[in-house]
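See below for the structure under consideration.
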Amino acid sequence: MKPLLELRGVIHVYVGDQGANLAVEGLDLSISRGQFISLVGPSGCGKTTVLSLLAGLLLPAKGEVLIDGETIRRPSAKIGYMLQQDYLFPWRSILDNATIGLELSGRKTAEGIAYVRSLLHELGLGEAESRMPYELSGGMRQRVALARTLATEPEVLLLDEPFSSLDLQIKLQLEDLVWKTLRSLGKTAVLVTHDLAEAAAMSDTVIVLARNPGRILTRFDMPEEMRAALPTEARRHPSFQHMYDLIWEKLESGHGKGEGADEIDKA
Ligand code: ADP
Ligand code: MG
């Protein structure tokens with residue numbers, strides 16, 4: 001099957017006051033439609049850079065980034081980006097926050113609003129649509145941010161540490177909810193996380209990166225029964241610990257080769 005997303009020989013260099021910084025090198029990656037993949041690796045290995053390249057916010061210095069076989073040159077409606085910080089506008093209601101993408105793209109029609117309402121309902125926020133962001137918990141705010149990202153019906157969701165500021169209990173609930181929602185809508189997802197258990201529980205495939213320069217060390221495909229299970233169930237699957245250990249060992253092996261190895265969370 002033709003991949004939906006592709007990186008081919010991608011190199012990215014940041015150029016700034018301190019000169020040029022080779023951020024990622026030799027990235028080759030294919031992601032099929034409907035796949036859920038995670039990127040894990042130490043701070044500075046290029047996870048956010050990869051998401052920015054996929055989002056069309058950065059152009060590679062070398063190589064190609066493609067969606068559906070077409071080079072990505074600028075941000076497109078096919079790709080939605082959800083950040084760790086929810087960036088809700090405090091003066092707008094939940095519904096008005098969730099419809100902002102529709103508004104900006106001139107698609108805030110009755111039909112569009114009805115779709116956002118159905119998303120809010122599915123995400124357990126049906127009763128909250130006229131409330132203001134300050135009235136919501138962190139988990140609720142992230143669900144609004146998810147509804148807002150899904151509102152414009154992107155094919156791909158890029159998720160940069162969306163659960164990392166949440167309490168464990170809420171985080172586990174949200175992992176299940178996000179997984180279920182994306183799967184039922186047939187979305188393709190790329191999740192950045194420092195939590196290896198989260199990566200193993202949510203993904204079809206986990207990509208392990210190393211840094212200095214950022215590069216792909218390996219990919220692990222999760223066993224079929226784990227992929228088919230909700231994340232909270234996948235965590236209890238007999239293969240879970242084994243997959244977790246494999247990812248951890250790989251991270252450790254790529255560790256320390258660059259300077260200043262630190263801070264991999266063994267969450
Ligand atoms: P991660 O998200 O895995 O922590 P990043 O993609 O943010 O990694 O960074 C990859 C590399 O690129 C790091 O060496 C980082 O210092 C560098 N980098 C990231 N953003 C910039 C920038 N705006 N200017 C210069 N260097 C950057
Ligand atoms: Mg980052």
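DSSP beta bridges fully contained in the chain are about 55 percent antiparallel. A probe of 1.4 angstrom, applied to the heavy atoms of all protein chains, finds Lys78 with accessible area near 70 square angstrom. For Ile31, the accessible area of its heavy atoms, probed at 1.4 Å with every protein chain present, is near 0 square angstrom.
What number comes out for the charge environment of Glu233, summing +1 per Lys or Arg and -1 per Asp or Glu over other residues with Cβ under 12 Å away? Once positives and negatives cancel, what remains is +1. Extension gain for Leu66 to Ser130 (0.36 nm times residue separation, less C-alpha to C-alpha distance): 19.1 nm. For the chain, with a Gaussian network of springs between Cα atoms less than 10 Å apart, report the residue from Leu95, Leu22, Leu39 with the top mean-square fluctuation. Looking only at Leu95, Leu22, Leu39, the biggest GNM fluctuation is shown by Leu22.
Around the Cα centre of the chain, unit charges on the Cβ atoms of Lys, Arg, Asp and Glu (plus for the first two, minus for the last two) sum to a dipole of about 560 debye. Here the chain has 50 percent of its accessible surface on carbon and sulfur atoms, given a 1.4 Å probe and all protein chains in place. Charges were assigned to the Cβ only: +1 to each Lys and Arg, -1 to each Asp and Glu. The resulting dipole of the range 88-152 about its Cα centre is roughly 140 debye. The Cα atoms of the chain cover 52, 44, 39 Å along the three principal axes, with the biggest extent listed first. What is the range 88-152 by shape, rounded, prolate or oblate, if you read a ≥ b ≥ c off the alpha carbon gyration tensor as root eigenvalues and call it rounded for a/c under 1.5, prolate for a/b larger than b/c, and oblate otherwise? Judged from the Cα gyration tensor, the range 88-152 comes out prolate (a/c at least 1.5, a/b above b/c). Accessible area per residue for the chain, computed on protein heavy atoms with a 1.4 Å probe, is 47 Å².
Taking a Cβ cut-off of under 12 Å around Leu88, the surrounding Lys, Arg, Asp and Glu residues balance to a net charge of +2, with basic ones at +1 and acidic ones at -1. Once the Cβ-Cβ distance of Glu249 and Arg219 is raised to the sixth power relative to R0 = 25 Å, the FRET efficiency obtained is 0.95.
I want the local charge near Glu175. Using Cβ-Cβ distances under 10 Å, sum +1 for each Lys or Arg and -1 for each Asp or Glu among the other residues. Residues near Glu175 contribute 0 overall.
When the chain is treated as a Gaussian network with alpha carbon springs shorter than 10 Å, the biggest mean-square fluctuation among Ser239, Ser165, Ser105 belongs to Ser105. List, in the order given, every pair from Lys2/Lys187; Lys108/Lys171; Lys2/Lys171; Lys78/Lys250 whose Cα-Cα distance in the structure shown is over 27 Å. Check vs 27 Å cut-off fails for Lys108/Lys171; Lys2/Lys171; Lys78/Lys250.
Let a ≥ b ≥ c be the square roots of the eigenvalues of the Cα gyration tensor of the range 1-99; is it rounded (a/c under 1.5), or, if not, prolate (a/b larger than b/c) or oblate? Taking the square roots of the gyration eigenvalues as a ≥ b ≥ c, the range 1-99 is oblate. Helix-only mean residue ellipticity at 222 nm, the chain, DSSP H runs n ≥ 4 weighted -39,500 (n - 2.57), per residue, nearest 500. What is it? Theoretical 222 nm ellipticity from helices: -10000 deg cm²/dmol.
The values are calculated or read from the model by the stated rules, or taken from the named source; none is laboratory data. All of these numbers come straight from a predicted model, not from anything done at the bench. Cβ: placed from backbone, ideal geometry, glycine included. Neighbour counts: every protein chain shown. For the accessible areas, the whole protein counts, side chains as well, though only heavy atoms, and no ligand, DNA or RNA atoms are used. Shrake-Rupley method; radii C 1.70, N 1.55, O 1.52, S 1.80 Å.
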